1. What tally of residues in the stretch B:107-138 results from selecting those that are assigned to a loop (DSSP other than H, G, I, E, B), touching a residue at least 12 places away in the same chain (Cβ under 8 Å) and within 12 Å of chain A (Cβ to nearest Cβ)?
2. Against the condition more than 8 Å from chain A (Cβ to nearest Cβ) and assigned to a helix (DSSP H, G or I), how does residue B:390 come out, does it pass?
3. Would you please name the residue that is surrounded by the most Cβ atoms within 10 Å (Cβ to Cβ), looking only at residues in the stretch B:21-68 that are outside any loop (DSSP other than H, G, I, E, B), modelled with pLDDT of 80 or more and among the β-branched types (Val, Ile, Thr)?
4. If I go through the stretch B:202-222 residue by residue, how many of them are free of Cβ contacts under 8 Å to residues at least 60 places away in the same chain and more than 23 Å from residue B:258 (Cβ to Cβ)?
5. How about the stretch A:247-270: which of its residues are more than 7 Å from chain B (Cβ to nearest Cβ), under 18 Å from the mean Cα position of the chain (by Cα) and of a type in the set (A, V, I, L, M, F, W, C)?
6. With respect to residue A:225, determine if the residue is among the charged types (D, E, K, R) and away from chain B (no Cβ under 11 Å).
7. Restricting to the stretch A:187-241, and then to whatever is over 30 Å from residue B:408 (Cβ atoms) and under 18 Å from the mean Cα position of the chain (by Cα), can you tell me which residue is surrounded by the fewest Cβ atoms within 10 Å (Cβ to Cβ)?
Amino acid sequence: MDKIIARKRWFFLFSLLITIPGLFFTLATPFSGGSIGLKFSIDYTGGTIWEFRPESPADPLVVQAAVASAGHEEATVTEAGTGFLIVRTKPLDLQLGQDQIDNAGAELQAIREAVVAAIGPIAEEGSVSTVGPVISQDLTQQALLLVVLGSIGILLWMTYRFRNLRFGLAALAALLHDVIVTVGFFAIAGTVAGIEIDALFVTAMLTIIGFSVHDTIVVFDRIRENLVRHAGAPFGDIVNHSIVQTLGRSFNTTATVLITLLTLLVFAGGSIRTFVLTLFVGILSGTYSSIFNASPLLVWWEERAQARKAAAARTRTA
Amino acid sequence: MRKFTPYLILATALLALAIDLLPNLSLPASGTAGGTRPIETKLGLDLRGGLRVEYQVQPVDGVSATAADLATIRDIIERRVNSTGVSEPLVQTQGTDRIVVELPGVTNPDSIRALLGTTGRLDLVPLPREVYGFFNTATGQPTDGVKPVPGEGETLSDTTLKPLFSGDQIESSAVQIDETGRRVVSFKLKSEGSELFATWTKANIGSYFAIVLDGAVKSAPYIQSAITGGEAQISGPGAAGFAVDEAANLVTILKFGSLPFPIAEIGVTDVRATLGASFLGQALFAGAVGILLVFLFMLLHYRLAGAVASVALVFYVIIVLAIFRLVPVTLTLAGIAGFVLSIGMAVDANILIFERTKEELRIGKGIVPAVEAGFSRAWNSILDSNVSSLITAFILFYFGSSTIKGFALVLIIGVLCSLFTAVTVTRLILRSVIARKRFSSPYLYGVAKGDLDTLDRGVING
């Protein structure tokens, strides 16, 4: 516990080790044609998702063949649990203003008939969701804008409250770490398990950005207090002491949040599972980066500044 | 002032509890219409089932719709929606070119989409004899032109054709059964259109004309005799004429007028009510378990202080739910997740305060000054943390789409309320607790037995 600062290089190295694979998978996304990296839901790609429960259990591949026979070879069919099947196709039935008024739902109806012909009647309709290309474009632009705005907001607030740009930048570095870790996690999860990110992913990202600085703030606040109380002590010692003093609350504040997220993950279903998982990963990463990245970064910075000052002093005396 | 705080807090809690639990409360409605609006927990379509359609207004010949056009389109769509009898419809403009329609509990989504998405521009287009031929009423024989008379569903490719008049000249319309038993839509023209129609039909007996809806021909009959009464009808395809739904939709569209700009669907979601209900049940159960686990965590770590924090957390839940009902906040699945998450965050301020109190107790302070120091010294961190959460929540609220806005609003309300309950309410209860002698042992506030006599064991002392 006394050596968090002394071992800061190891913690930086650990952060590199957990960010690099994720970063690799993330950056591979646009080049791999969808096989490696982030898997985007129809919110981003555009398309239709149709959920239904057949009366008798059916093989997704059989359903997929039936949908393909209705003219949708691009369709994929997966199981959703509790007997539901999920059919994904390109956007269906979007009415573009010039259509005649009597063909709404015709494309989906054709698919439905083909499926019923192949596997028998449908017991329960779930939901049908269609996203056109316009919304998808909006979301991608919006995502980047929101993350950038959120980061700038936090940077300004931290710099203002601690009257020190270094505190702001160290907090920014820690939260970018969390963003990269979380995106990377889903790039790997998308590749390995096919987990898709949807419109709520950005919401989770911003929530993580807002929450991940909480622990950073607690440590920084203590550093500021200890700088006054132990004026003259080495900066590294003060920071290390501050981290140790606040370790308990960093863990406990994170623990209560993770507890509530876990209950949601275990008991709540539907569209928010990925959302909750995103928050979970990001907030976990946020606690790590607050303790082991943000404050050590301050020390590293201070030590460099002092080394430069010392070097400058030496050249002056020489 | 301090003397009244307990009563104020108690009154707030009771009021909130009444709002949470009493049925049939109502508030004066906002807006100019007056009336009242019931206080109720509003659920999003993903939880109660229904149809949500997002439209983008399309430019015509490079001209985009203005804000006034957008408002007109919204009004027309709203009237079309109301004619279907769907309860609690929501028609909103969004941004500069979007219209979002939310219809809870819809069972015929396809028909409603057809009704709402149709531009509804009706044109009566004379078809010149030289090109399309005519029907000789004397001989009863048609004479072919150079082009065939367009059939149902075809578009008029000839751009030189100009409508005689359009749907704005229609005064009223109705579904009727014509003499051959087909279902048709009849309409009556306003005086200007009626005169134009009378003059033209008188001079062009035997000529064909096309009734065109949104660019597609509905029917192209010939003029049997001069039509002077301003009444005409559109026949549908097939022997039986229009389907019931389609005819009703067409009448609604003619009644409320055409949209000044066409609109295109860019997103459609249709959720069955049963599915939504099961999601709601799961999320509420998760929330309840989450709260209980947070209680347990706080009790184990901070003992008596943890119990006080748990009471404050109950306050928090009561007040937040009341605000959700008052505003009202439309709760989606993501919103409920945000609320459950906020429960975990709401006790964070308590944790900071209690940890600080423990530190003060360890260096030998008495319980009263230790608790006071805990509150005052933790305040900076609590404020800074909550403001950073608010910063990102406000960004989401201002720039996000409607689902994201709902989640952000939940988070904003949660953060603000937790500042009140975790700091003010906790302090109030804790002050009265520590005033009693038997509650003064540091052990009750989470200090480990072994720590009671030792001072801060950090690298640098105290």
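The values are calculated or read from the model by the stated rules, or taken from the named source; none is laboratory data. A quick note: this is a predicted structure, and the numbers were derived from the prediction, not measured. Counting neighbours? That spans all protein chains shown, and the Cβs are built from the backbone with ideal geometry, glycine included.
1. Of the residues in that region, 5 qualify.
2. On the way: more than 8 Å from chain A (Cβ to nearest Cβ): no; assigned to a helix (DSSP H, G or I): yes.
Answer is no for this residue.
3. Top of the filtered list is B:53.
4. Restricting attention to the stretch B:202-222, the residues satisfying the condition of being free of Cβ contacts under 8 Å to residues at least 60 places away in the same chain are B:202-203, B:221.
Next, from what is left, pick out any that are more than 23 Å from residue B:258 (Cβ to Cβ): B:202-203.
Number satisfying all stated conditions: 2.
5. Those that are more than 7 Å from chain B (Cβ to nearest Cβ), under 18 Å from the mean Cα position of the chain (by Cα) and of a type in the set (A, V, I, L, M, F, W, C): A:258, A:262, A:265.
6. Working: among the charged types (D, E, K, R): yes; away from chain B (no Cβ under 11 Å): no.
Against the criterion (among the charged types (D, E, K, R) and away from chain B (no Cβ under 11 Å)), residue A:225 does not qualify.
7. Here the answer is A:192.
Conditions tested, residue by residue: (1) hydrophobic (A, V, I, L, M, F, W, C); (2) over 16 Å from residue B:338 (Cα atoms).
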{"position": "A:201", "(1), (2)": "yes, no"}
{"position": "A:223", "(1), (2)": "yes, yes"}
{"position": "A:236", "(1), (2)": "no, yes"}
{"position": "A:243", "(1), (2)": "yes, yes"}
{"position": "A:249", "(1), (2)": "no, yes"}
{"position": "A:260", "(1), (2)": "no, no"}
{"position": "A:274", "(1), (2)": "no, no"}
{"position": "A:283", "(1), (2)": "yes, no"}
{"position": "A:286", "(1), (2)": "no, yes"}
